[in-house]
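Report on the structure given below.
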Amino acid sequence: MAAKPDARVPRHLAIVMDGNGRWAKQRLRPRTFGHHAGQKAVKEAVEFCLRRGIGSLTLFAFSSENWKRPATEVSALMELFLKALDKEVDELHGNGVRIRFVGDLDAFAPELRARMLGAMDRTAGNTSLNMNVAVNYGGRWDIANAARLAIEAIARGEFAATELDEARLQHYTCLADQPPLDLFIRTGGEHRVSNFLLWQLAYAELYFTDTLWPDVDQACLAEALDDYARRERRYGRTGEQVATG
Ligand code: IPE
Ligand code: IPE
Ligand code: MG
């Protein structure tokens with residue numbers, strides 16, 4: 001019989017990688033310096049998930065609202081994404097990581113979009129870790145997009161409008177093929193969701209740390225997992241019901 005997965009280890013971890021700008025400011029450097037420094041923490045997170053057997057890691061890299069930032073910061077981030085794609089995909093692929101970009105990719109320059117699609121294609125057969133990178137992503141966009149896709153399916157006659165329920169709508173949301181979100185981590189000290197995975201967060205455990213993203217390492221993530229392991233997930237039931245299975 002296959003070993004039962006350890007319920008104390010999340011199957012799906014999502015991280016709002018926040019605090020790059022403040023990290024740079026503390027060092028009297030421009031905000032983009034912090035974004036560059038944050039790349040090391042991404043590697044730490046990937047390595048951590050591979051080591052701990054966490055199957056899905058979803059990282060918030062650029063929100064649909066981040067376009068509002070100064071044009072210089074936005075273009076520096078786009079440049080950084082492009083460079084990171086060139087630099088990191090080989091190693092990720094070598095480690096069996098499947099890369100997926102989630103969000104509205106149409107807004108990106110054709111060159112960047114092509115690299116994103118290329119990385120997804122190239123790693124599509126990998127199974128060690130699903131690494132989902134949320135770019136131009138918004139939780140409300142995800143839900144609205146799912147609704148539009150469901151309506152299109154209804155118009156094609158695939159099912160009746162009266163049959164559209166939570167399970168059917170979920171099918172059209174990003175990450176529907178991956179395990180339910182178990183643990184949400186936000187670094188950088190803010191206690192908010194900032195339009196990340198609104199649908200998927202319904203029963204996720206939330207963990208906040210003041211550590212700024214570029215300072216995040218395996219020990220910091222291990223603390224989050226230890227905290228998660230102590231939680232009792234009740235899903236609406238009583239503690240007694242949970243205890244008796
Ligand atoms: C998160 O760090 C990275 C992105 C949003 C791209 P921030 O840039 O938001 O850093 P702070 O919150 O200003 O410190
Ligand atoms: C959320 O961080 C988005 C990412 C980390 C990519 P923000 O820094 O944009 O969030 P707010 O503006 O503080 O809510
Ligand atoms: Mg921020």
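The values are calculated or read from the model by the stated rules, or taken from the named source; none is laboratory data. None of these values were measured; they are calculated from a predicted model. Here the Cβ is made from the backbone with ideal geometry for all residues, glycine too, and neighbour counts use every protein chain on show. Ligands, DNA and RNA are stripped out before the accessible areas are found, and what is left, the full protein with its side chains, is counted by its heavy atoms. Shrake-Rupley method; radii C 1.70, N 1.55, O 1.52, S 1.80 Å.
Just to be sure before I move on: is Glu79 surrounded by fewer than 16 Cβ atoms within 10 Å (Cβ to Cβ) and touching a residue at least 60 places away in the same chain (Cβ under 8 Å) in the structure I sent? Criteria not met by Glu79. Within the group Phe48, Phe62, which residue is closer than 26 Å to Leu183 by Cβ, open to solvent by less than 30 Å² (accessible area, probe 1.4 Å) and away from ligand 2 (no atom under 14 Å from the Cβ)? On inspection, the qualifying residue turns out to be Phe48.
Would you check which residues across the stretch 203-219 are part of a helix (DSSP H, G or I), within 16 Å of ligand 1 (Cβ to nearest atom) and within 18 Å of the chain's Cα centre (by Cα) and list them? Working first, answer last.
Residues of the stretch 203-219 that are part of a helix (DSSP H, G or I), as a first pass: 213-215, 218-219.
Checking which are within 16 Å of ligand 1 (Cβ to nearest atom) leaves us with 213-215.
Within the stretch 203-219, Trp213, Pro214 qualify.
Criterion first (in a helix (DSSP H, G or I), more than 24 Å from Leu212 (Cβ to Cβ) and touching a residue at least 40 places away in the same chain (Cβ under 8 Å)) does Ala146 satisfy it? Considered against the rule, which asks whether it is in a helix (DSSP H, G or I), more than 24 Å from Leu212 (Cβ to Cβ) and touching a residue at least 40 places away in the same chain (Cβ under 8 Å), Ala146 comes out as yes. Within the stretch 89-107, the set of residues being part of a helix (DSSP H, G or I) and touching a helix residue (DSSP H, G or I) at 6+ places or on another chain (Cβ under 8 Å) comprises Val89, Leu92, His93, Leu105, Asp106, Ala107. The residue of the stretch 65-80 that is farthest from ligand 2 (Cβ to nearest atom), among those that are closer than 18 Å to Asp104 by Cα and among the aliphatic types (A, V, I, L, M), is Met78. Annotation note: of Arg237, Arg148, Arg186, the sole residue that is of a type in the set (D, E, K, R) and over 21 Å from Asn132 (Cβ atoms) is Arg237. In this entry, Ala134 is excluded by the filter for residues that are of a type outside the set (Lys, Arg), modelled with pLDDT of 95 or more and not in a strand (DSSP E or B). Only a single criterion out of (1) assigned to a helix (DSSP H, G or I); (2) within 15 Å of ligand 1 (Cβ to nearest atom); (3) in contact (Cβ under 8 Å) with a residue 24 or more places away in the chain is not satisfied by Glu47, namely (2). When restricted to residues that are open to solvent by 40 Å² or more (accessible area, probe 1.4 Å) and among the hydrophobic types (A, V, I, L, M, F, W, C), the stretch 16-38 contains 2. Considering only the stretch 221-233, I want to know if a residue exists there that is in a loop (DSSP other than H, G, I, E, B), modelled with pLDDT of 95 or more and either among the aliphatic types (A, V, I, L, M) or closer than 28 Å to Trp23 by Cβ (or both). The answer is no, given that none of the residues of the stretch 221-233 is in a loop (DSSP other than H, G, I, E, B), modelled with pLDDT of 95 or more and either among the aliphatic types (A, V, I, L, M) or closer than 28 Å to Trp23 by Cβ (or both). Against the numbered list (1) closer than 24 Å to Leu183 by Cβ; (2) part of a helix (DSSP H, G or I); (3) under 16 Å from the mean Cα position of the chain (by Cα), Trp23 comes up short only at (3). Checking each residue in the stretch 154-168 for being out of contact with any Leu (no Cβ under 9 Å at 6 or more places or on another chain) and either not in a loop (DSSP other than H, G, I, E, B) or not charged (D, E, K, R) (or both) picks out Ala155, Gly157, Phe159, Ala160, Ala161, Thr162, Glu163, Leu164, Glu166, Ala167, Arg168.
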